[in-house]
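Colleague: Starting off with a structure, shown below.
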Amino acid sequence: MRVVSYTKEGDPIISDLSYNGEILEVTRDTSRDNYGDNTIKTHQCKTIEVIKNKNNQDEYVLTGCSGNTLLFRSRKEENNQLLRS
């Protein structure tokens with residue numbers, strides 16, 4: 001599955017997820033972010049959790065990684081795209 005989110009400046013952040021039945025592998029590509037660290041990193045995680053933040057928005061958080069990682073935030077006014085590969 002591919003998740004594409006955008007920075008405030010409009011630069012895409014691409015996250016590719018694959019699951020083999022035990023481990024969730026996440027590759028996060030920030031190479032198109034003009035103000036970011038311009039890297040492509042792969043992590044292995046255990047789960048994705050959906051939590052409500054203080055603004056009552058859904059956040060999809062990867063857990064069981066080397067530290068929890070926010071995958072993306074779902075807001076009615078924001079246009080995050082969830083793409084299946």
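The values are calculated or read from the model by the stated rules, or taken from the named source; none is laboratory data. Computed from a prediction, not measured in an experiment: that's the story for all the values here. As a convention, Cβ positions derive from the backbone with ideal geometry for all residues, glycine included, and neighbour counts pool all protein chains shown. For accessibility, only protein heavy atoms count, side chains too; no ligands or nucleic acids. Shrake-Rupley method; radii C 1.70, N 1.55, O 1.52, S 1.80 Å.
Colleague: Search the range 50-82 for residues being among the basic types (K, R) and either farther than 17 Å from P12 by Cα or modelled with pLDDT under 55 (or both), and hand back the single one that is surrounded by the most Cβ atoms within 10 Å (Cβ to Cβ). Working first, answer last.
Modeller: The first filter runs over the range 50-82 and keeps only residues among the basic types (K, R), leaving 52, 54, 73, 75-76.
Going one step further and asking which of them are either farther than 17 Å from P12 by Cα or modelled with pLDDT under 55 (or both), we end up with 52, 54, 75-76.
On the way: K52: 9, K54: 5, R75: 13, K76: 6.
Per the stated criteria, the residue is R75.
Colleague: Something else now. Please state which one of T30, T39, T47 is touching a residue at least 12 places away in the same chain (Cβ under 8 Å) and open to solvent by 30 Å² or more (accessible area, probe 1.4 Å). Before the answer, list the steps.
Modeller: Values: T30 fails: open to solvent by 30 Å² or more (accessible area, probe 1.4 Å); T39 fails: touching a residue at least 12 places away in the same chain (Cβ under 8 Å).
It is T47.
Colleague: Now for a different question. Among the residues of the range 1-24, write down those that are open to solvent by 70 Å² or more (accessible area, probe 1.4 Å), without any contact (Cβ under 8 Å) to a residue 40 or more places away in the chain and either over 16 Å from C65 (Cβ atoms) or assigned to a strand (DSSP E or B) (or both).
Modeller: K8, E9, Y19
Colleague: Here is a further query. Taking S85 and the conditions (1) at pLDDT 80 or above; (2) of a type in the set (S, T, Y); (3) more than 12 Å from the chain's Cα centre (by Cα); (4) closer than 19 Å to R2 by Cβ, which numbered condition does it fall short on, given that it satisfies the others?
Modeller: (1)
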